[in-house]
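The values are calculated or read from the model by the stated rules, or taken from the named source; none is laboratory data. Keep in mind that this is a model prediction, so the values were computed, not measured. All Cβ positions, glycine included, derive from the backbone under ideal geometry; neighbour counts span all protein chains shown. Just the protein is used for accessible areas: all its heavy atoms, side chains included, with ligands, DNA and RNA removed. Shrake-Rupley method; radii C 1.70, N 1.55, O 1.52, S 1.80 Å.
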Amino acid sequence: METIIKKINREKLKKEDFAEAVDILRSGGLVAFPTETVYGLGGNALDKSASAKIYAAKGRPSDNPLIVHIADKDALSGLAEEIPLMAWECAKYFWPGPLTMILKKKPVVPDSTTGGLPTVAIRMPSDAVARMLIAESGLYIAAPSANASGRPSTTRAEHVYKDLAGRIGLILDGGETTIGLESTILDLSGEKPVILRPGYLSREDLLPILPDVEYDPAVIAKTMQKDIVAKAPGMKYRHYAPKGNLTIYEGEQKAVVAAVNRAVEEKMGEGYTCAVLATEETKGAYTCPVVKSIGGRAQEEIIAARLFDVLRSFDDGGVEYIFSESFPDGNLGPAIMNRLLKAAGYQVIYVGAE
Ligand code: TXA
Ligand code: MG
């Protein structure tokens, strides 16, 4: 299958530009499209065979459920039942935007879309291209991140092309996504609201509407499992992963630089290609021939926006060992470190002050 990239002019959205995408979606095919978080790989959420195509194109296990994207808040009641008041409140305050809500599903949502679960994940994106595509199609659009399973999510149409060319018909190119990390996933199907995946909206952002919202212990445990050092890559926790072996170094800045420089020297001595994921403050201090600065240490919005692109760029250079700094605990800290830790398969090295 030939994969066409269609550029969308955001200054002037025209219905004609969406006509082919709408045709493909209505006839059960797949279209990749930008959202404010990452690119999504969309198909008709109520069509079993479209969901099956999504799993096949990504190489994703079919028990991993998909997020259903909607263009207006009222569509919630078409997909979910027993919708609690707090879901409508969240929709009012956070939609359109990077929040996914898990609710009890209506029978109309096929098991193939929810991976057999009795619940459904729903999100109303704010991105104008995504909204226009959903509205024009007149469908609910199931869309996981548009990357090959296990790889970093995609924040540019070229990333999608690299992972999925030949497997999907069309990519709508709306330029680089603004947030760069996937939505916050909030489970509202139980008694208490629980965050299942940290994202752009933090627990603090949700607290005014959901005073008793908590992180799922598994999320915290995983982000906190910093003492699990040098876990082999390729283990079940490894997602968002570049091809090279990624290790995170945590500790006082100077000590981190010194430890990374030693590790790079050792691996280069063994003949491996190495790279460092650094920040503006430290980039000059590394001796490695390839150093990529992701932004200033305090610029967490920029770090979030660039993370997947930088991880992918190491693959283009055929890098075999990547050494990364760890990032501070700001508002976006949990989301950034969640992705980075998974990309590293939880390989973290703690260095003390020297
Ligand atoms: O920002 C985003 O959320 C992007 C854009 C495209 O909207 N989408 C995205 O989808 O990240 P995906 O499939 O890569 O991640 C969806 C996550 C998966 O971890 C999945 O297990 C979880 O949501 N999920 C989906 N439905 C669920 C459900 N009913 N219960 C629990 N988790 C669910
Ligand atoms: Mg994903």
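Would you call Glu301 part of a helix (DSSP H, G or I), open to solvent by 50 Å² or more (accessible area, probe 1.4 Å) and under 26 Å from Ser202 (Cα atoms)? Spelling it out, Glu301 is indeed part of a helix (DSSP H, G or I), open to solvent by 50 Å² or more (accessible area, probe 1.4 Å) and under 26 Å from Ser202 (Cα atoms).
Looking only at residues in region 41-78 that are among the charged types (D, E, K, R) and under 21 Å from the mean Cα position of the chain (by Cα), the one that is surrounded by the most Cβ atoms within 10 Å (Cβ to Cβ) is Lys58. Taking the conditions (1) at pLDDT 95 or above; (2) among the hydroxyl-bearing types (Ser, Thr, Tyr); (3) surrounded by fewer than 24 Cβ atoms within 10 Å (Cβ to Cβ) in turn, Thr35 satisfies each one other than (3). All told, Gly345 falls short of being among the small types (Gly, Ala, Ser), closer than 20 Å to Glu252 by Cβ and either in contact (Cβ under 8 Å) with a residue 12 or more places away in the chain or assigned to a helix (DSSP H, G or I) (or both). Scanning region 20-48 for residues that are without any contact (Cβ under 8 Å) to a residue 40 or more places away in the chain and out of contact with any helix residue (DSSP H, G or I) (no Cβ under 7 Å at 6 or more places or on another chain), we see that the one that is nearest to Ile5 (Cα to Cα) is Asp23. Within 12 Å of ligand 1 (Cβ to nearest atom), in contact with a Phe, Trp or Tyr (Cβ under 8 Å, 6 or more places away or on another chain) and within 15 Å of Val38 (Cα to Cα): is that true of Ala143 in this structure? Yes.
Can you find even one residue in region 9-16 that is surrounded by 14 or more Cβ atoms within 10 Å (Cβ to Cβ), at pLDDT 95 or above and within 23 Å of the chain's Cα centre (by Cα)? No - not one qualifying residue is present in region 9-16. Exactly one residue out of Tyr237, Tyr200 is modelled with pLDDT under 95, open to solvent by 40 Å² or more (accessible area, probe 1.4 Å) and within 16 Å of ligand 1 (Cβ to nearest atom): that is Tyr237. Entry remark, region 100-114: residues being within 16 Å of ligand 2 (Cβ to nearest atom) and open to solvent by less than 20 Å² (accessible area, probe 1.4 Å) number 3 in total.
Looking across Val291, Val264, Val260, Val348, one residue alone is open to solvent by less than 60 Å² (accessible area, probe 1.4 Å) and closer than 25 Å to Gly150 by Cβ. It is Val348.
Residues that are under 22 Å from Arg26 (Cβ atoms) and within 14 Å of the chain's Cα centre (by Cα) were ranked within region 130-166; the one that is nearest to ligand 2 (Cβ to nearest atom) is Pro144.
Among (1) under 28 Å from Val310 (Cβ atoms); (2) open to solvent by less than 10 Å² (accessible area, probe 1.4 Å); (3) in a strand (DSSP E or B), there is one condition Ile185 misses while meeting the rest; what is its number? Only one criterion in (1) under 28 Å from Val310 (Cβ atoms); (2) open to solvent by less than 10 Å² (accessible area, probe 1.4 Å); (3) in a strand (DSSP E or B) is unmet by Ile185, namely (2). Among the residues of region 107-163, those identified as part of a helix (DSSP H, G or I), under 24 Å from Val310 (Cβ atoms) and either charged (D, E, K, R) or not assigned by TED's automatic domain parsing to the domain that holds Gly180 (or both) are Glu158, Lys162, Asp163.
Of Gly318, Gly271, all but one fail to be at positive phi, open to solvent by 10 Å² or more (accessible area, probe 1.4 Å), modelled with pLDDT of 95 or more and not in a helix (DSSP H, G or I); the exception is Gly271. Applying the criterion of being modelled with pLDDT of 70 or more and within 19 Å of the chain's Cα centre (by Cα) to the residues of region 206-234, the residue that is surrounded by the fewest Cβ atoms within 10 Å (Cβ to Cβ) is Ala218.
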